[in-house]
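Notes follow the structure.
The values are calculated or read from the model by the stated rules, or taken from the named source; none is laboratory data. Just so we're clear, the structure is a prediction, and the values are computed from it rather than from any experiment. No Cβ is skipped: glycine too gets one built from the backbone with ideal geometry, and neighbour counts run over all protein chains shown.
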Amino acid sequence: MRKLGEIEKTAALNASERKLLSIVRQLGPIARSDVTAHSGLSQQSVHRLIDNLQTKGFLRFRPATIKGRGKPSPMVEIDQDTFVSLGLSFTTEKVMACLLDLKGSPLVEVELDVLPNDPSAVLDMLADRIEHWQEDELVNRQLIGIGIAMQGYRTGAADKFEPPTLLSNWQNLELVPLFQDRFGLPVFTENNATSCATAEYYLGGAGEHSCFAYLSFNHGYGAGLYWQNSPIQGGHGNAGEIGSIYRPEDSIHRPALGELLKRMQADGHEITHISELPTFFSEELPVISDWVHEVGPYLRQSIAALKGVLDPTAIFFGGEAPHGLRQALIKEMNAVERIVHGPDPVFLVSQIEGDAAHLGAAFLPLHQLVFGS
């Protein structure tokens with residue numbers, strides 16, 4: 001397979017161009033004359049930059065809207081037909097891949113037919129999928145980069161993770177050179193929780209919150225943190241590893257779906273994978289309601305820590321937890337009166353159904369190369 005990076009290099013964007021693209025993404029279609037008021041740049045500069053971005057394939061013009069006398073300004077919007085970003089996410093059970101256009105619309109969302117704990121097989125399967133997409137979704141579109149969402153915490157380098165045991169073959173692998181050497185594209189990595197938070201920021205309900213936390217209920221339990229419209233990684237890249245606050249003897253009581261799975265199996269339910277939870281879920285099922293009550297104090301403990309350190313305006317409940325379980329956990333949090341030290345964050349069910357890590361992963365190249373400051 002010919003490396004994609006050898007076919008065509010993505011046009012580099014400067015900070016001013018990325019700023020304008022972010023404005024148009026949020027407000028577009030928008031009159032070109034109105035972009036200036038939001039940019040802090042001169043009208044001459046805005047017109048020149050927009051023309052450059054149109055030439056590069058990031059923006060396109062629409063017919064002007066007539067609002068009164070004088071020549072109307074053309075409307076500008078993101079061109080979703082030129083560039084595509086690839087996202088890849090790993091859970092303990094599956095590998096999800098997606099292609100997003102620049103507007104964040106999924107062109108493809110697919111589970112790869114491969115065991116998630118087999119790096120070589122994942123690379124080969126992804127190469128096969130890309131080759132297939134080049135005959136369909138990627139015709140006349142350029143792949144701009146690859147984002148990878150991995151479960152676990154970083155081990156010193158930005159692209160090396162300590163994943164759960166079921167993903168142990170990825171332990172300490174340098175993901176950037178591994179994927180970059182194979183596909184010849186810019187590669188960006190993040191943990192699953194922060195990737196989900198990124199998807200919530202771009203596609204869900206977090207766009208109006210410049211400071212929020214996303215609780216990711218997966219096989220384990222973690223959080224993604226956003227401040228001033230960008231993810232927080234921390235000094236070692238592990239900001240949001242909220243599960244680390246628990247003592248070892250208390251870890252079985254943390255709100256991790258792997259623990260719920262064990263409770264349900266012990267109760268006689270024939271469930272083997274977390275992905276089956278939506279089928280089995282009922283808030284009235286005693287084993288589930290008992291588990292929600294059991295983890296309640298530990299979930300409140302982590303939320304108190306997030307409030308004290310981050311002071312978010314909103315906390316989103318998401319991950320692989322089904323919608324009903326997200327609601328049940330919020331109900332449990334609201335059942336106990338909060339100790340008020342300043343304004344509380346609002347608890348919100350993530351607007352994205354299912355685990356959103358693959359979508360957030362696809363936004364990593366877009367955030368770094370196109371829309372980020």
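Quick look at the numbers
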quantity: Options T10, T36, T65; residue that is β-branched (V, I, T), under 28 Å from the mean Cα position of the chain (by Cα) and modelled with pLDDT under 95; calculated: T10
quantity: Residue that is surrounded by the most Cβ atoms within 10 Å (Cβ to Cβ), among those in the range 78-126 that are under 20 Å from Q142 (Cβ atoms) and in contact with a Lys or Arg (Cβ under 6 Å, 6 or more places away or on another chain); calculated: V84
quantity: Residues that are touching a residue at least 24 places away in the same chain (Cβ under 8 Å), charged (D, E, K, R) and either surrounded by fewer than 19 Cβ atoms within 10 Å (Cβ to Cβ) or closer than 17 Å to F280 by Cβ (or both), drawn from the range 254-268; calculated: E259, R263
quantity: Options W133, W170: the member that is free of Cβ contacts under 8 Å to residues at least 60 places away in the same chain, under 18 Å from V95 (Cβ atoms) and not β-branched (V, I, T); calculated: W133
quantity: Filter result for I148 (surrounded by 20 or more Cβ atoms within 10 Å (Cβ to Cβ), farther than 29 Å from P164 by Cβ and in contact (Cβ under 8 Å) with a residue 40 or more places away in the chain); calculated: no
quantity: Condition check for F90: modelled with pLDDT of 90 or more and within 24 Å of the chain's Cα centre (by Cα); calculated: yes
quantity: Filtered residue count, the range 158-176, keeping only those that are among the acidic types (D, E) and touching a helix residue (DSSP H, G or I) at 6+ places or on another chain (Cβ under 7 Å); calculated: 1
quantity: Filter result (in a loop (DSSP other than H, G, I, E, B) and either in contact with a helix residue (DSSP H, G or I) (Cβ under 7 Å, 6 or more places away or on another chain) or more than 17 Å from F58 (Cβ to Cβ) (or both)) within the range 103-137; calculated: G104, L112, D113, V114, L115, P116, N117, D118, Q134, E135, D136, E137
quantity: Residue match in the range 171-185 (condition: in a loop (DSSP other than H, G, I, E, B), under 19 Å from L366 (Cβ atoms) and more than 17 Å from the chain's Cα centre (by Cα)); calculated: yes
quantity: Which listed residue, of D51, D79, D113, is in contact with a Gly (Cβ under 8 Å, 6 or more places away or on another chain) and free of Cβ contacts under 8 Å to residues at least 40 places away in the same chain; calculated: D79
quantity: Residue, modelled with the lowest pLDDT, within the range 220-253, restricted to residues that are out of contact with any strand residue (DSSP E or B) (no Cβ under 7 Å at 6 or more places or on another chain) and surrounded by 24 or more Cβ atoms within 10 Å (Cβ to Cβ); calculated: G220
quantity: Residue satisfying all of: in the range 320-373; among the acidic types (D, E) and surrounded by 13 or more Cβ atoms within 10 Å (Cβ to Cβ); modelled with the highest pLDDT among these; calculated: E332
quantity: Residue in the range 285-293 that is among the charged types (D, E, K, R) and modelled with pLDDT of 95 or more present; calculated: yes
quantity: Only one of Q327, Q301, Q265 that is touching a Phe, Trp or Tyr at 6+ places or on another chain (Cβ under 9 Å) and over 24 Å from E241 (Cβ atoms); calculated: Q327
